[in-house]
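The values are calculated or read from the model by the stated rules, or taken from the named source; none is laboratory data. Predicted, not measured: the structure shown is a model, and the values here were computed from it. Note: ideal-geometry Cβ built from the backbone for every residue, glycine included; neighbour counts use all protein chains shown. Just so you know, the surface numbers come from the protein's heavy atoms only, side chains and all, with ligands and any DNA or RNA stripped out. Shrake-Rupley method; radii C 1.70, N 1.55, O 1.52, S 1.80 Å.
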Amino acid sequence: MIRNNVQLKYAMKRKSCEDEEAIKLLQLSKEEQTEPQGDQEDEELIIAEYESDDESKTKSRFSATEEDDDLVEEHVTKIYYCSRTHSQLAQFVHEVQKSPFSKDISLVTLGSRQNLCINDEVRRLGSSQRINDRCLEMQKNKHDKHQEEGVKRKRGPAKSVCPYNKATALQQMRDDVLGKVHDIEQMLKLGRETHSCPYYATRLSVPPAQLVVLPYQILLHEATRKAAGIQLKDQVVIIDEAHNLSDTLSCIHSAELTGAQLCRAHSQLTQYSDRYKSRLKAKNLMYIKQILFVVEGLVRVLGGKVGQNPQTQTTQTGTEMLTINNFLFKAQIDNINLFKLPRYFEKSLISRKLGGFVEKYAGSGVSLHTQNSIKENRRTEGLNRYLQTLQSNQSTTPADQQGSEAEKVLSASPMMQVEGFFMALTNSNTDGRVVVQKQGTVSESSVKFLLLNPAVHFAQVLEQCRAVIIAGGTMQPVSDFKQELLFSAGVAEERITEFSCGHVIPPENILPLVLCSGPSGQELDFTFQSRDTPRMMDETGRILSNICNVVPGGVVCFFPSYEYSRRIVSHWEASGALSRLANKKKIFQEPKKANQVEQVLSEFSRCIQRCAADPGGLTGALLFSVVGGKMSEGINFSDDLGRCVVMVGMPYPNIKSPELQEKMSYLDKHLPHNGGKSPGQALIENQCMKAVNQSIGRAIRHRGDYSSIVLCDRRYARPATLSKLPEWIKERTSTHTTFGPAFAALRKVRFFLEKKQKQV
Ligand code: SF4
């Protein structure tokens, strides 16, 4: 019945959308709000359009779309379900497929072009920015082709268009998508079979869909949300895996610019304005001059000058944290209206045009200044960086954000990063800070906008929706979360309902132990002062060796940082402890590159299977991993892959980081103190325990799973720390001041496991 209503509704709507051109115009105009394009042909048209403040006089294709507002479909009441990674979303879709609702629900999964494009020529371009650029360019070519119908082409080769973007096929695919629940893989298959683009078909499916499944950043970033055609008014939003929601919001809305990017943007815009000077109207020239002036100011803050090679200009190393207003004064740009510049960027599409200008004229006198591009692209602007984490379920952690994946993002127009930074500067003075980091040369130095109050952006979601459900397996402690994201966004306590339930596994299937000392009686103290001592490292080796002796299958050992992992493993190598461990388990280490994660995991898994079938001396495999690394989130060590998770020390964030210190002092100033503890101090502890909870949660993945969890550090025994473990782990945790009883408990587990295996 529901489906019939939906189909009837959009059959009626389809009638009003029969004009192919109108659909194209709608698509194009939505994309152009945020996405880059590399074409320059419409230079005069767009500029002329911006020239006219009187929108009714505008005759361009962009204003035409505004007149067609009545073609926009009405959105049915729906649920937006969002999660962090595509694999989590796929998992959710598979559960819906298995459920009794699957026959009655219209579901659509949204993704980026990188996930949904089926044009191999475009996919081959690799980076999401290039794919976006090329796709939009082809849209525009198609639009131009329609306009040129009947008019003989004056010059130049024929422009290519995407064969998968035909309105009738898209509408058909939309019907197919809504008629049956598909995951992304199935949609790609359907798109290839029907020769229609899943990216656009899914976007057309949003208004009539009852359940829209999408990654975080499409929902949480206002411009991206608008571009995807999402309307939150009176809808229901479910945010899953929300334990890092605050960090995610901050990351998406932060922006960073290097000196090299600034100099490159300045150089390109200068060349652009020189070339088009005679065609640009006075108002456009004025805005371009203002942008150049602001960029000049930013380079000056970094101790450099535009027009000179940023790699040879040296600066004194140091970090400075400034409020937005102080930063504007320091850069001497406080006289510029920064609220008008983002509007100019948006209307004139100058960043995208600059990208196209550079591509078109590269080699003909226009300087790309790309010598340092790969290095710079490691520091892409906040949203881009976050998008990179979603390219695969393995590349999901902050550690990856600096990794090789980011190197793929090639930006012909650094002005896009500049645009993002200008936008960030329009935040309220109290909600953010600017970090000026000088690193020897202007090229390497950077300015970074740091969002301190993510509630301002979350408030938009909370205000519009009928209900927002924030869910996660490791949401503890909830009080700070409520304070930072809900109360700060103006939500009253009485509007919040909390619900918590236990884990699906029976309590006897986990054995969480807190170890306060090792086999030789050495107290386990992994504080900064003592963790590097040989006796601590040796004792940790002995603990692991004992665990590997009694636990079958896979053991995953988490270290608090890459650096510590490197130090302790080299110590064990030198002392012989590593080879003793290797006699019992084959040793694997978390790879440095995200794209190697899958390979390491499958070898780890194969080794465990081999050992189970034919031990031959080895009882399984041992994996060294890092908290917050590539394997601490989004990867499952279910069943034999993780029969024991060992946590070495407590992964506190780096308290010396100026950014963290600023965030702490912001929280101390704006949030109430709780139980005698400052909100800043609570933030540090919560970050640490959330990371621990994420890592230890990797081992228990389904109802029949079982595993032991060994927390090595006496500090875990503190009641305040224990209280931050998830309820289902906390209630089973036992603290051991000596190693003997803990080891006996583990041996019992072994017995339990064998019994369980016999039962199977
Ligand atoms: S229209 Fe679709 S298939 Fe074609 S290039 Fe764009 S995203 Fe790819």
* Asked: Inside the stretch 269-300, can you point out the residues that are crowded, with 19+ Cβ neighbours inside 10 Å and either of a type in the set (Phe, Trp, Tyr) or part of a loop (DSSP other than H, G, I, E, B) (or both)?
  -> Tyr272, Leu280, Tyr287
* Structure fact -> Ala169 fails exactly one of (1) within 16 Å of the ligand (Cβ to nearest atom); (2) under 20 Å from the mean Cα position of the chain (by Cα), namely (2)
* To do: Report, ordered by the first and then the second residue, all pairs with beta carbons closer than 8 Å, sequence separation of six or more or different chains, a first member in the stretch 329-350 that is in the same structural domain as Gly420 (by the TED database) and acidic (Asp, Glu), and a second member that is in a loop (DSSP other than H, G, I, E, B) and surrounded by fewer than 17 Cβ atoms within 10 Å (Cβ to Cβ).
  => Glu346/Gln33
* Asked: Wholly within the stretch 418-471, which strands (runs of 3 or more DSSP E) include no fewer than the required count, namely at least 2 residues that are closer than 25 Å to Lys233 by Cβ and within 23 Å of the chain's Cα centre (by Cα)?
  -> 467-470
* Asked: Name the residues in the stretch 413-444 that are open to solvent by 30 Å² or more (accessible area, probe 1.4 Å) and small (Gly, Ala, Ser), would you?
  -> Ser428
* Asked: From Val177, Val76, which residue is in a helix (DSSP H, G or I), open to solvent by less than 30 Å² (accessible area, probe 1.4 Å), modelled with pLDDT of 90 or more and not hydroxyl-bearing (Ser, Thr, Tyr)?
  -> Val177
* Which condition number does Gln186 fail, the rest of (1) open to solvent by 20 Å² or more (accessible area, probe 1.4 Å); (2) in a helix (DSSP H, G or I); (3) in contact (Cβ under 8 Å) with a residue 60 or more places away in the chain being met? -> (3)
* Glu573 in the same structural domain as Ala744 (by the TED database) and loosely packed, with under 13 Cβ neighbours inside 10 Å -> yes
* **Matching residues, the stretch 93-115, being open to solvent by 30 Å² or more (accessible area, probe 1.4 Å) and either farther than 22 Å from Val213 by Cα or touching a strand residue (DSSP E or B) at 6+ places or on another chain (Cβ under 6 Å) (or both)** => Ile105
* Out of all the residues in the stretch 116-131, which are open to solvent by 30 Å² or more (accessible area, probe 1.4 Å) and either in contact (Cβ under 8 Å) with a residue 40 or more places away in the chain or basic (Lys, Arg) (or both)? -> Arg123, Arg124, Arg130
* the stretch 226-244, residues that are within 25 Å of the chain's Cα centre (by Cα) and at pLDDT 90 or above -> Ile230, Gln231, Leu232, Lys233, Gln235, Val236, Val237, Ile238, Ile239, Asp240
